[in-house]
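K.L.:
I have a structure I would like to understand better, so I am pasting it below and will then ask my questions one at a time.
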Amino acid sequence: MKMVLKILNRVFDALLALLMLGIVVTCMMEIIARNLFSTSFAWSGEAGRYLFVYVVFIGAFILARDREFICMDLLKAKVPAKHQFVYNLILDGMLIFFAAVLVYSGYQFTIANRLQISSAMGIPKPVIYIITSISGVFIILYTVINVYGDIKKKTGKGGAE
């Protein structure tokens, strides 16, 4: 299982880097085309937006994986060490609830827009919207893995990676 997670983590990190590169390249192409050639690509604005959406949602579950959400650190310094375990459990529970809402509402939104096509690129809108639910699923997965690691650490049976 650890090997699968390690491979998955590398894939997601590389995918995030590629999507960010896609945003930079798309925006730079548009800037160069407008300023040097006085023309524009019809699809570049839409592509940049959709790449950004994917970056945000993939970044969200990577933040959950690494426990880097701002809310997780905001009060952490003020919570006594003996209560950190409970504090993390409460935050993880809230994150799982939020992610479950994300999965459900993302799926509903994807289904509701299943027949729409993007105007400039001709991509089916569900391809764009489904990342909401996928992100929620991976937020739940990584949060459960973090809770499992915390419990193992607390009970003295090992720890998270």
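Values quoted throughout were computed directly from the atomic coordinates according to the rules given, and no laboratory measurement underlies them. In this text, all values refer to a predicted model and were calculated from it rather than measured experimentally. Here Cβ is always computed from backbone atoms with ideal geometry, including for glycine, and neighbour counts include all displayed protein chains.
K.L.:
Go ahead and set up a Gaussian network model of the chain, Cα springs under 10 Å, then flag whichever of 65, 34, 114 fluctuates most.
P.N.:
34
K.L.:
For the pair residue 53 and residue 111, what calculated FRET efficiency results from E = 1/(1 + (r/R0)^6), where r is the Cβ-Cβ distance and R0 = 25 Å, to the nearest 0.05?
P.N.:
Working: r = 18 Å, r/R0 = 0.71.
Efficiency, rounded to the nearest 0.05: 0.90.
K.L.:
So what is log10(I(q)/I(0)) for the chain at q = 0.20 1/Å, when the Debye sum runs over its Cα atoms only?
P.N.:
-1.27
K.L.:
How many Å³ per residue does the convex hull of the Cα positions in the range 116-156 occupy? Present the calculation step by step, with values, prior to reporting the outcome.
P.N.:
Values: hull volume 1.8 nm³, N = 41.
Taking only Cα atoms, the range 116-156 has a hull volume of 45 Å³ per residue.
K.L.:
Which one of 15, 64, 135 has its Cα pushed farthest toward the positive end of the charge dipole of the chain, where Lys and Arg give +1 and Asp and Glu give -1 at the Cβ?
P.N.:
Of 15, 64, 135, it is 64.
K.L.:
Which helices of the chain meet both criteria: a Cα extent of 30 Å or more along the helical axis and a mean Kyte-Doolittle score no lower than 1.0, with helices taken as whole DSSP H segments?
P.N.:
Values: long enough: 2-37 (51 Å, 1.51); 44-66 (32 Å, 0.97); 84-112 (41 Å, 1.37); 125-155 (46 Å, 0.86).
Result, helices passing both filters: 2-37, 84-112.
K.L.:
Still on this model: Please state the relative contact order of the chain as a whole percent: Cα pairs under 8 Å, 6+ residues apart?
P.N.:
Numbers: 143 pairs, mean separation 35.2, N = 161.
Relative contact order of the chain: 22 percent.
K.L.:
From zero up to wherever the largest Cα-Cα distance of the range 1-69 sits, split into 10 Å bins and tell me the percent of pairs in each.
P.N.:
20, 39, 23, 14, 5, 0
K.L.:
Note down the magnitude of the dipole of the chain about its Cα centre, charges +1 on Lys and Arg C-beta and -1 on Asp and Glu C-beta and zero elsewhere, to the nearest 20 debye.
P.N.:
On the way: 16 positive and 9 negative charges, 112 e Å.
Charge dipole, the chain, about its Cα centre: 540 debye, nearest 20.
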